[in-house]
Every structure is written in structure tokens, then in C-alpha cells.
Amino acid sequence: MDFENMNDTARLAELLFPQVTETPDDLAKKYPPRDLPEGAKVTRFAPSPTGFVHFGGLFPSTVGERLAHQSGGVFFLRIEDTDAKREVPGAAEGLIKTLAHYGIHFDEGAVLDDNGNVTDKGIYGPYKQSQRGAIYHVYAKDLVARGLAYPCFTTEEELEELQTTDKKTEIKTRVWTEDMAAKQHEKMLAGRVFTLDEVQAHLTAGDPFVLRIRADGNPEKRIPFTDLVRGALEVPENDEDFVLLKSDGIPTYHFAHAIDDHLMGTTHVIRGEEWLPSLPKHIQLFRYLGFKLPKFMHISQIMRLDENGNKKKLSKRDMGANMDDYSRMGYAPACVCEYVMTLLNSNFEEWRTQNPDAPYTDFPFNIKKMSASGCLFDFDKLNDVSKNVISRMSAEQVLAAVTEWALQYDPDFGALLQNHNNVALQAFAIGRGGKKPRKDLATWADAKGYMGFFFDELFTMQDAFPGEFARDDIKAAINAFLASYDPADEMNVWFDKIKAVADNLGYASDMKAYKADPAAFKGSVADISMFLRLALTGKLASPDMYAVMQTLGADCVTARMKNALAAL
Ligand code: GLU
């Protein structure tokens, strides 16, 4: 390199980055454009490994996954681990596993090897930003050489001090005065002026520096911009000499985002709306770097209702935020995904009604149907969706899932299900299939309360016999039922016998007659059934009683009735 013949900015670049020998052109060759069919979208999920997967993270990742796979494109995972201080060991591994649990599979990027360690898959890597330092420095050097970035030797402490002083004044006066803005601007401009000798002296002294962009925008001017979720926007030009490389040489989010998404061929950047205010910076960076701007989708935050009915951001500590909690609570991934789809696309539920058995991945996900205002997270809605999903599953599927869940979170119940596999399967089969399946289970954890009574080990009188009925009537009804009970009876015969019990005790066997003149009866056949149901299941509500009796078998039915009589 002929230092003497270089212009000042090229010399500066050489002084700052002597170790960088590659050029942006070299990198462009290493990362050729992707060979994909027309319209194929390349999307990514780019989390920072700072903890668990948040419900708000499942959102953009589902969008990314759907858009890529629906269009025959590529969905990849990039680990944004440039902030070592905030990194949580094992978070990246946990994140990959959790997302896989929810059916979010990546074609490329950071994946787990056979030993469970994070490794790269694909030719656009490395996919961990901490391993891409050399790449960022190539572009940093290029920007400096072209006069578009410059070093700033102000120490972190000095900068921090500057910021806090200004912030304090800001709070005190409540206005950011023009004078303050001017001072800030002056300081910024002053930072742009230096000689190569000064830089050399700093470097020789080992002084740290940050690399700043040399902003050229006029914030009075607006750039028209279309966000695919939010529609047409106008963003101000950027006039802030923001940091590209921190003093340890590590890039800021802005710099890494522009370079990575360009080299990795991202067509659609899907990210949280908290990045929207940074867009002016990104637009400027892409322009300086000579990169085509990808399409952007800024996804709204997930909200929840607080105790007073006000909308609040779903924060990390809120119930429902940590995706790993859902497994413990017994939510099936399929149910959670279905719920996410209902939140993401306003027409999903209508589609589901028309396509009850199709996998949710058949739904034509549409960006235009996404809401630009915050989606409301709501357990009641999740439970409703979940009940519907589970009602469409087969008894075998339900039993397998409940058993797997219980073995982990309620081992005694798990063992019971395994030991009484047949009864459990029959129990889950009751009311399943057909046009109007029962919708009792929202989570696998609900199963015990729903069908635990099938096992003597779990049977308890959860509900009491209602006080308004004479104990003698209840006893008489149970005794009369037992006297005529024949497990071989088919359903109509069985029910006719219960009606006969009702008639004999002065309870209406005909509901119409009862409704026409309730005072003429002590009650109805529905009450007689309720007595039997309580004796049999310990609960006021249960699946179809005939089917329950068939499943329990004559010995158990008789024993339960006798126990109830003894307790009455
Ligand atoms: N690491 C950033 C975050 O977690 C990624 C934002 C993006 O998707 O570009 O917020």
C-alpha cells in the first residue's frame, strides 16, 4: 500500500485498520446473491441471547417463518451477541430448542450440533455476530477511506458525563433548548476535526476510540418510507454521528444489522417496533454502504390488560411472557401456534372455521392483515383457541400428550395413565369426533381435573349434592337406579330406566311437561341424572354419563353408588 500517495481519508483508514486487507468487493464475492425463485422471501430471527424466548419473540419469528416458507424462501437464525455483558450462558441453545418446540425451524444459521452446541449451517455465516468482527472491520475501513466515518477518541466516561449533564438539564428545564442542541452539534462537529498526527499520537498512546458515522442528513427533511405493517411513513434524515464500532471494536446493532442483512441476503427485516426510531440511521447506513434497502416490517408490542383494565406492555415478568412456562402449564405447542396465528392475522379464525382439519401452515398468511396497533395477549382467548385445537385431536394423540406432560410435571398421574392405559384412552374418547366435539381441555394440566375420577385413586367428591333436594330422594333415586341397572343395556334402555326412576319419585321424566308446570313436580329427570352423576364422578359436570358408566364398568359403578349412599 502506497501510504504517501493516499488521500487523507485513505491514510486515516490505514492508520485505524492496518490489519484489514480485504475490501467490500472481496466480501461481495464470498457472499453472492442467493439463487432463489422470483418472490421467495429471505427472513431471519435475530435475537440477542440474553435470556428465555419471550412471547413477543415468538411473534416475529412466526411471521418470519411463515413468510419465508410460504414463498419458497429461506428462514435463518442469527445470534446477535455483541453485548457480552448482557449475554446469558446457554441462552442461545435454549432459544433454538424452545423455538423448535413451537415448530419454528430454521433452514440456515445457528443450529445445534449432535452434542447440543451451537454451530453454523449455511454459507452466509458465521451466524453469530461475535464471530463476524473481521467482516465489520472491512466495511468500517471502507467507510473511513471514503470519508463517511471517523474515529472519536473521546473516552466513554467523557461521553457518559456529557450525556448525563445534558439529561439533567433536560429534566430540569423540561425542554431541549436550541442552545443545548447547538452545543451538542458543536461538540459533534468539533469531533470531526482532527489531524492525522493527532490520530497517530492517540493510537501510539493506546487510546481507545469509537468509530462514528459522518452524518449528512438534514432532520428538517423527510424521507418517504413504506413499512409493510405500518404503511406509508415519513422519517427524518439522520444528522446524528452515531457509533458504528464501540471502543472494543465491536459493532453497534445498527452497523451489524446493515452489514449482516445485506450479506445474508435478507429480503424482509421483521423486528419489534422499538427499532422504528432508529430507521433514519439504518437508511443512511445502507446508502453509505451502497446496499439495497430490504423491506421492513415493524411488529407491534404485545399488550396485556392490567388489573384496572388498562393496556400495558407484556413485560418479561408477566405471566405468559416466558415461552418455557407454557410447557409447564401444559399448553400444547400446536395450541400456542394457533393462538399466535389468530393474533397475527385477523382472518385466521374465519379460515379455521372453513378448514377445521388443515394444519395452520396451510393458512395463506398475509402481511396486509396484520394489525399495526398492539396485539392484546389474553389467557382466556388462548384457552378458547386451545380447547378448539385439542377438541380436534384424536383420543390417542391426547392420551400420548397428557401422559408425556404428566410424566414430567405430575409423575403420579403419569404413572396412573400408563397403568390404566385402556381406561384413559376410553375416557379421552368420550365426546370426541363428530361435528360437535367436547371442548374441556385447554391444557394437558386440565386433564386430571377433567377425567381423574375415572381412577379410584383420584376420585373425590368435588361437588356436594345440592341442599335443595331431600336426602331421601337422592338415596331413593340411587337405590332405584341400582335395582334396575344392567351394564348390558344399550343407551336408550338405560335412559328409560332413569326416567322410570324419576316418575316413581315424583320427578318429571318429560322435560316439556316439567317446563310447562314445574310446581307439579319435585324436580325433573335432569336432577335424577345429576344425583347419579355426582355419585359416579363426584362432579356436577362430566362427559356423557352413559359412556362414563361403560368405561368404568359395572363393579366400579355399583361401588361408587354404594359409597355415595353410605356418605349421604
Ligand atoms: N437483536 C435485536 C433484538 O433482539 C434484533 C432486532 C432485529 O431483528 O433486527 O431486538
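The values are calculated or read from the model by the stated rules, or taken from the named source; none is laboratory data. Only a predicted model underlies this, so the values are computations on that prediction, with no experimental measurement involved. With ideal geometry, Cβ positions are generated from the backbone for all residues, glycine too; neighbour counts draw on all protein chains shown.
For segment 330-347, check the following and say yes or no: at least one residue is part of a loop (DSSP other than H, G, I, E, B) and of a type in the set (A, V, I, L, M). Checking segment 330-347: at least one residue is part of a loop (DSSP other than H, G, I, E, B) and of a type in the set (A, V, I, L, M). The residue of segment 364-381 that is modelled with the lowest pLDDT, among those that are assigned to a loop (DSSP other than H, G, I, E, B) and of a type in the set (A, V, I, L, M), is Ala372. One residue is enough: does segment 83-103 have a residue meeting the conditions out of contact with any helix residue (DSSP H, G or I) (no Cβ under 7 Å at 6 or more places or on another chain) and either within 17 Å of Lys30 (Cβ to Cβ) or aromatic (Phe, Trp, Tyr) (or both)? Within segment 83-103, not a single residue is out of contact with any helix residue (DSSP H, G or I) (no Cβ under 7 Å at 6 or more places or on another chain) and either within 17 Å of Lys30 (Cβ to Cβ) or aromatic (Phe, Trp, Tyr) (or both). Against the criterion of being at negative phi and outside any helix (DSSP H, G or I), Lys515 does not qualify. Give segment 283-311 a look and list any residue that's at pLDDT below 95 and within 13 Å of the ligand (Cβ to nearest atom), or say none. Listed by number, the residues that qualify are Ile299, Gln301.
Do we find a residue being within 16 Å of the ligand (Cβ to nearest atom) and at pLDDT below 95 anywhere in segment 120-127? Checked against the condition, which is being within 16 Å of the ligand (Cβ to nearest atom) and at pLDDT below 95, segment 120-127 yields no hits at all.
Quick check on Ser484: is it under 19 Å from Ala559 (Cα atoms), free of Cβ contacts under 8 Å to residues at least 40 places away in the same chain and either in contact with a Lys or Arg (Cβ under 9 Å, 6 or more places away or on another chain) or of a type in the set (Asp, Glu) (or both)?
When the stated conditions are applied, Ser484 passes them.
Rundown of residues vs (1) without any contact (Cβ under 8 Å) to a residue 40 or more places away in the chain; (2) hydroxyl-bearing (Ser, Thr, Tyr); (3) surrounded by 14 or more Cβ atoms within 10 Å (Cβ to Cβ); (4) assigned to a helix (DSSP H, G or I), yes/no style:
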| site | (1), (2), (3), (4) |
| --- | --- |
| Asn383 | no, no, yes, yes |
| Asn388 | no, no, yes, yes |
| Met393 | yes, no, yes, no |
| Thr403 | yes, yes, yes, yes |
| Leu416 | no, no, yes, yes |
| Leu425 | yes, no, yes, yes |
| Phe428 | yes, no, yes, yes |
| Gly433 | yes, no, no, no |
| Arg438 | no, no, yes, no |
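In this structure, Arg86 qualifies as within 14 Å of the ligand (Cβ to nearest atom) and of a type in the set (D, E, K, R).
Residues in segment 27-72 that are away from the ligand (no atom under 16 Å from the Cβ), without any contact (Cβ under 8 Å) to a residue 60 or more places away in the chain and of a type in the set (S, T, N, Q): 1 in all. The residue list Asp472, Asp456 contains one member that is over 35 Å from the mean Cα position of the chain (by Cα), surrounded by fewer than 14 Cβ atoms within 10 Å (Cβ to Cβ), charged (D, E, K, R) and part of a helix (DSSP H, G or I), which is Asp472. Checking each residue in segment 283-298 for being among the hydrophobic types (A, V, I, L, M, F, W, C), part of a helix (DSSP H, G or I) and surrounded by fewer than 21 Cβ atoms within 10 Å (Cβ to Cβ) picks out Ile283, Phe286, Leu289.
So, of the residues in segment 256-282 that are crowded, with 19+ Cβ neighbours inside 10 Å and hydroxyl-bearing (Ser, Thr, Tyr), which turns out to be nearest to the ligand (Cβ to nearest atom)? Here the answer is Thr266.
Among what's in segment 229-255 and is within 14 Å of the ligand (Cβ to nearest atom) and outside any loop (DSSP other than H, G, I, E, B), pick the residue that is surrounded by the fewest Cβ atoms within 10 Å (Cβ to Cβ).
Kept after step one, since they are within 14 Å of the ligand (Cβ to nearest atom), are these residues of segment 229-255: 229, 250-255.
Then keep just the ones that are outside any loop (DSSP other than H, G, I, E, B); that gives 251, 253-255.
Values: Pro251: 25, Tyr253: 17, His254: 19, Phe255: 27.
Among them, the one singled out is Tyr253.
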